[in-house]
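Rule-based calculations on the coordinates, nothing more; no lab input. A quick note: this is a predicted structure, and the numbers were derived from the prediction, not measured. A quick note on method: Cβ atoms are made from the backbone with ideal geometry, for glycine too, and the neighbour counts reach across all protein chains shown.
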Amino acid sequence: MSNMTQKITPYLWFDNQAEEAMNFYTALFDNAKIVEINRLPEGFDEGPMAGMAGKVIHGLFELAGYQFMALDGGPFFKFTPAISFFVNCDTEAEIDTLWAALSEGGEVAMPLQAYPFSPRYGWIQDKYGLSWQLNLGHSEPKITPFLLFVGDQNGRAEAAVNDYIALFENGGINHLERFAAGDPIGTEGAIQHAAFTLHGQPFMAMDGGLVHPFTFTEAISLYVDCDTQEEVDHFWYALSAHPEAENCGWLKDKYGVSWQIIPTTLIKLMSDPDPEKSRRVMEAILQMKKIEIEGLKRAYEGNQS
């Protein structure tokens, strides 16, 4: 099992490349490993999961001790720079090694060089489309999710950060900078950089004032591990703002960020070695929007009444 527990975990939607990507990333970063891989059981030959048997339905891996999750979701959603991962590198050798590997087959957003805010920094989309910001400078934690509010969401970063902090325990703003008047990048008073915590975990955010051809998508969601049904309900009703996007524990908030509100019980039941039990649980999930723990247990036990 993992040696750390995260309340909120980035969940990456791959086009049937989840295991390949997990192997790529864990080979690249220090203190990295694949913790577990759960595959979709046989028997899903109809409906939305047709042809997906054997694919990664839930992968858990760590990079520099930070947890990620992944699945083989198909071609429906694509990664965008609206959510990236900010990586602090201790040495020039480290940042150069990471940059070289992540650049291969990828696309450079900001070249690796000196900037006013850093002696060495670069922004890259890797060959899978996932975005990384690499920065030379020792800081903990090593990896931090970074939310970029663009398009219709530009100017809403501060409101989003405040809403999230109010929702999660042990949260707060650690650092906040605003765009000055006349800044060519952003609107005066908008968030140039915010560092904040949710449930003790670090996040970053900024408003992207320039016109960008992307926004948040379901390709990266924030997975919230819930102990009870009351906790599921708490996060679900506070965050969900687009009923048409609700499905299988997924929701989209009013800022366009996708979340998964998932009880710990779900992974335990889906991981049962009995394929019939895990199949029944999966079938039950496909009928749900908000996850109901009692419904999962009834499906697991074969009691559909």
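The table below lists the values:
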{"read-out": "Size of charge dipole - region 86-187 - debye, nearest 20, with Cβ of Lys, Arg +1 and Asp, Glu -1, no other charges", "value": "140 debye"}
{"read-out": "Length released on extending from E283 to Y237, taking residue separation times 0.36 nm less the Cα-Cα span", "value": "14.2 nm"}
{"read-out": "Relative contact order of region 220-301, pairs being alpha-carbon contacts under 8 Å that are 6 or more residues apart, as %", "value": "31 percent"}
{"read-out": "Rounded if a/c under 1.5, otherwise prolate or oblate - region 91-208, Cα gyration tensor axes", "value": "prolate"}
{"read-out": "DSSP-defined beta bridges in the chain - what % are antiparallel, rounded to 5", "value": "70 percent"}
{"read-out": "Approximate shape of region 195-289 as ellipsoid semi-axes (Cα gyration tensor, √5λ), whole Å, largest first", "value": "29, 16, 13"}
{"read-out": "Calculated FRET value between I267 and A180, using beta carbons and R₀ = 35 Å, to 0.05", "value": "0.15"}
{"read-out": "Computed magnitude of the charge dipole of the chain (debye, nearest 20; Cβ of K, R +1, Cβ of D, E -1)", "value": "140 debye"}
{"read-out": "Relative contact order computed over the chain (Cα-Cα under 8 Å; 6+ residues apart), in percent", "value": "15 percent"}
{"read-out": "Neighbour cut-off at most 13 other Cβ (10 Å), DSSP loop, GluC sites (Glu not before Pro), region 192-285", "value": "none"}
{"read-out": "Residue (of P145, A166, G182) at the positive-pole extreme of region 98-207, dipole from beta-carbon charges", "value": "P145"}
{"read-out": "Peptide ranges 23-34, 55-66 listed from the most packed, as the mean C-beta count within 10 angstrom indicates", "value": "55-66, 23-34"}
{"read-out": "Structure-derived volume of the Cα convex hull per residue in Å³ - corresponding label in (1) 248; (2) 132; (3) 157", "value": "(2)"}
{"read-out": "Gyration tensor (alpha-carbon) shape descriptor, region 151-193, a/c threshold 1.5", "value": "oblate"}
{"read-out": "Point-to-point label distance, I37-S139, nm (Cα→Cβ direction, 7 Å offset)", "value": "3.4 nm"}
{"read-out": "Spin-label pair F117/D30, simplified geometry with 7 Å Cα→Cβ offset, distance in nm", "value": "2.5 nm"}
{"read-out": "When each of K142/K252; K277/K297; K7/K252; K78/K142 is checked by Cα-Cα distance, pairs over 20 Å", "value": "K142/K252; K78/K142"}
{"read-out": "Signed unit charges on C-beta, dipole axis of the chain, positive-most listed residue M288, L266, A219", "value": "M288"}
{"read-out": "Given charges at beta-carbon only (K, R positive; D, E negative), |dipole| of region 142-184 in Debye", "value": "120 debye"}
